[in-house]
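Peer 1: If you scroll down you'll find the structure; I have some questions about it.
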Amino acid sequence: MRQDDAPLAVLGAGSWGTAIAVLLAGNGRECLLWSRDAAHAARMAESRRNERYLGDVILPHGLRPTADLDAVLGEAADIVIAVPSAAFTDFVSGIALRLRASARVAWLTKGLDRSGADTLDQVIARHLGEARPRAVISGPSFAAEVAHGQPTAVTVASPEPAFAEEVAGWLRNPLFRVYTSDDILGVELGGALKNVLAIAVGISDGLGFGANARAALITRGLAELMRLFHAAGARPETLMGLSGLGDLVLTCTDDQSRNRRLGLALGRGETLEAALAGIGRVVEGVTTSRTVMQVAERYGVELPICEQVYRVIHQGLPAQRAVQALLARDPRPELGASFGELPQRPPAKPF
């Protein structure tokens with residue numbers, strides 16, 4: 001079988017993995033959708049729906065649910081990983097010796113490695129090899145809207161422009177627009193931090209603050225991203241794109257966002273455990289709120305909004321006190337604190 005005739009595989013049958021598998025199959029590419037739960041895979045195969053996550057979406061012809069990971073890795077030409085960031089490193093290391101040498105890797109996960117606070121690109125390179133073509137798919141995209149064919153635009157970033165363009169070709173159709181980038185670091189940082197900032201905005205709204213506070217948090221959150229981008233060597237134009245500002249605005253302002261919903265619940269006084277139980281699915285910002293503080297320390301960058309989210313989630317700080325801590329910060333010039341007085345860009349260095 002030629003590589004372009006072999007199926008693609010999406011590894012992870014949550015809402016986002018399922019939505020992308022539906023998109024790929026709808027574009028005419030045979031797609032294997034792997035679930036770690038054999039009963040879940042069997043129900044999808046029988047009902048032609050993922051009732052657990054996207055119950056009103058019919059799985060198209062050409063999409064094959066399965067729980068046989070070895071069979072998937074042996075058959076698929078290339079893979080798209082869609083597991084949560086907390087499980088990402090263990091999952092990637094677990095398939096390293098089972099993955100075909102020719103298989104290329106893309107991923108949908110937005111977050112950082114929970115143990116070393118590395119980017120997921122670094123995790124892929126470390127476990128699957130620097131030479132293996134790899135790409136991240138990111139941008140403002142809710143799974144349900146993608147699965148229902150609503151207009152969407154995302155970015156595919158890869159160190160290899162040709163592979164980024166090929167992955168974009170898998171995804172593109174008249175309603176799904178895809179741009180490409182070689183700034184994989186910037187795309188990953190934007191996708192990770194926006195989840196933490198969305199929790200902050202949700203907390204503010206849950207406390208009953210208004211649109212003014214929401215706009216201020218989004219804007220100051222963007223300033224935090226700018227500082228981290230500069231320190232890490234990511235490109236500022238990436239921050240202004242779909243995977244930066246676009247995803248930040250989407251995640252902070254729409255209640256389809258699990259991270260925003262978590263913040264709303266915390267702001268209304270629910271415990272973290274009750275809020276997560278009510279959402280019932282992975283909330284990526286919980287893990288990322290811890291790892292991003294490791295990144296901030298690594299680069300000596302102040303991320304005050306992210307820090308207060310960390311303190312609320314991991315140290316039990318009441319949401320009202322977190323807001324008070326932000327409001328009590330010393331005043332400073334807006335541009336000088338964020339953009340206007342940044343030192344000259346440092347030489348490129350590893351994240």
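The values are calculated or read from the model by the stated rules, or taken from the named source; none is laboratory data. These figures come from a predicted structure and were not determined experimentally. Cβ coordinates were reconstructed from backbone atoms using ideal geometry, including for glycine residues, and neighbour counts include every protein chain displayed. Please note that ligands, DNA and RNA were not included when accessible areas were found on the heavy atoms of the full protein model with its side chains. Shrake-Rupley method; radii C 1.70, N 1.55, O 1.52, S 1.80 Å.
Peer 1: Which of the following residues is at pLDDT 95 or above, open to solvent by less than 40 Å² (accessible area, probe 1.4 Å) and out of contact with any helix residue (DSSP H, G or I) (no Cβ under 8 Å at 6 or more places or on another chain): Gly263, Gly246, Gly221? Let's see the steps before the verdict.
Peer 2: Values: Gly263 fails: out of contact with any helix residue (DSSP H, G or I) (no Cβ under 8 Å at 6 or more places or on another chain); Gly221 fails: out of contact with any helix residue (DSSP H, G or I) (no Cβ under 8 Å at 6 or more places or on another chain).
The conditions single out Gly246.
Peer 1: Please go through (1) at negative phi; (2) in contact (Cβ under 8 Å) with a residue 40 or more places away in the chain; (3) open to solvent by 50 Å² or more (accessible area, probe 1.4 Å) for Thr287 and return the number of the only condition it doesn't satisfy.
Peer 2: Here Thr287 meets the rest and fails (3).
Peer 1: Let me ask something additional. Tell me which residues, restricted to segment 300-318, are more than 21 Å from Thr271 (Cβ to Cβ) and open to solvent by 40 Å² or more (accessible area, probe 1.4 Å).
Peer 2: Matches in segment 300-318: Gly300, Glu302.
Peer 1: Also, quick follow-up: Give Ser93, Ser138 a once-over and let me know the one that is open to solvent by 40 Å² or more (accessible area, probe 1.4 Å) and assigned by the TED database to the domain that holds Leu32.
Peer 2: None of the others qualify; the one that does is Ser93.
Conditions tested, residue by residue: (1) touching a helix residue (DSSP H, G or I) at 6+ places or on another chain (Cβ under 7 Å); (2) of a type in the set (Phe, Trp, Tyr); (3) in a loop (DSSP other than H, G, I, E, B).
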| position | (1), (2), (3) |
| --- | --- |
| Thr109 | yes, no, yes |
| Gln122 | no, no, no |
| Glu166 | no, no, no |
| Gly186 | yes, no, no |
| Ser204 | yes, no, no |
| Asn212 | no, no, no |
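Peer 1: Would you mind finding the one in Pro161, Pro133 that is over 28 Å from Val57 (Cβ atoms), surrounded by fewer than 24 Cβ atoms within 10 Å (Cβ to Cβ) and in contact (Cβ under 8 Å) with a residue 24 or more places away in the chain?
Peer 2: Among Pro161, Pro133, only Pro133 is over 28 Å from Val57 (Cβ atoms), surrounded by fewer than 24 Cβ atoms within 10 Å (Cβ to Cβ) and in contact (Cβ under 8 Å) with a residue 24 or more places away in the chain.
Peer 1: Let me ask another. Here's a check for you: in segment 315-329, which residue that is in contact (Cβ under 8 Å) with a residue 60 or more places away in the chain and aliphatic (A, V, I, L, M) is farthest from Ala216 (Cα to Cα)?
Peer 2: The selected residue is Ala319.
Peer 1: Would it be correct to say that Leu197 is at pLDDT 95 or above, of a type outside the set (Phe, Trp, Tyr), part of a helix (DSSP H, G or I) and open to solvent by 20 Å² or more (accessible area, probe 1.4 Å)?
Peer 2: So Leu197 does not fit the description; no.
Peer 1: Of the residues that make up segment 45-59, is at least one crowded, with 17+ Cβ neighbours inside 10 Å and either outside the structural domain of Asp121 (by the TED database) or farther than 25 Å from Gln150 by Cα (or both)?
Peer 2: Within segment 45-59, none of the residues are crowded, with 17+ Cβ neighbours inside 10 Å and either outside the structural domain of Asp121 (by the TED database) or farther than 25 Å from Gln150 by Cα (or both).
Peer 1: Here is a follow-up. Would you point out which residue out of Leu112, Leu99, Leu108 is more than 15 Å from the chain's Cα centre (by Cα), touching a residue at least 24 places away in the same chain (Cβ under 8 Å) and open to solvent by less than 30 Å² (accessible area, probe 1.4 Å)? It would help to see each step written out before you state the result.
Peer 2: Details: Leu112 fails: more than 15 Å from the chain's Cα centre (by Cα); Leu108 fails: more than 15 Å from the chain's Cα centre (by Cα).
Answer to the selection: Leu99.
Peer 1: Got a sec? Which of Leu185, Leu228, Leu207, Leu171 is more than 15 Å from the chain's Cα centre (by Cα), open to solvent by 10 Å² or more (accessible area, probe 1.4 Å) and aliphatic (A, V, I, L, M)?
Peer 2: Exactly one of Leu185, Leu228, Leu207, Leu171 is more than 15 Å from the chain's Cα centre (by Cα), open to solvent by 10 Å² or more (accessible area, probe 1.4 Å) and aliphatic (A, V, I, L, M), namely Leu207.
Peer 1: Let me ask something else about it. Quick one: would you say Ala223 is outside the structural domain of Arg132 (by the TED database), hydrophobic (A, V, I, L, M, F, W, C) and assigned to a helix (DSSP H, G or I)?
Peer 2: On the way: outside the structural domain of Arg132 (by the TED database): yes; hydrophobic (A, V, I, L, M, F, W, C): yes; assigned to a helix (DSSP H, G or I): yes.
Answer is yes for this residue.
Peer 1: For Ala82, state whether it is within 18 Å of Pro7 (Cβ to Cβ), open to solvent by 50 Å² or more (accessible area, probe 1.4 Å) and of a type in the set (A, V, I, L, M, F, W, C).
Peer 2: Against the criterion (within 18 Å of Pro7 (Cβ to Cβ), open to solvent by 50 Å² or more (accessible area, probe 1.4 Å) and of a type in the set (A, V, I, L, M, F, W, C)), Ala82 does not qualify.
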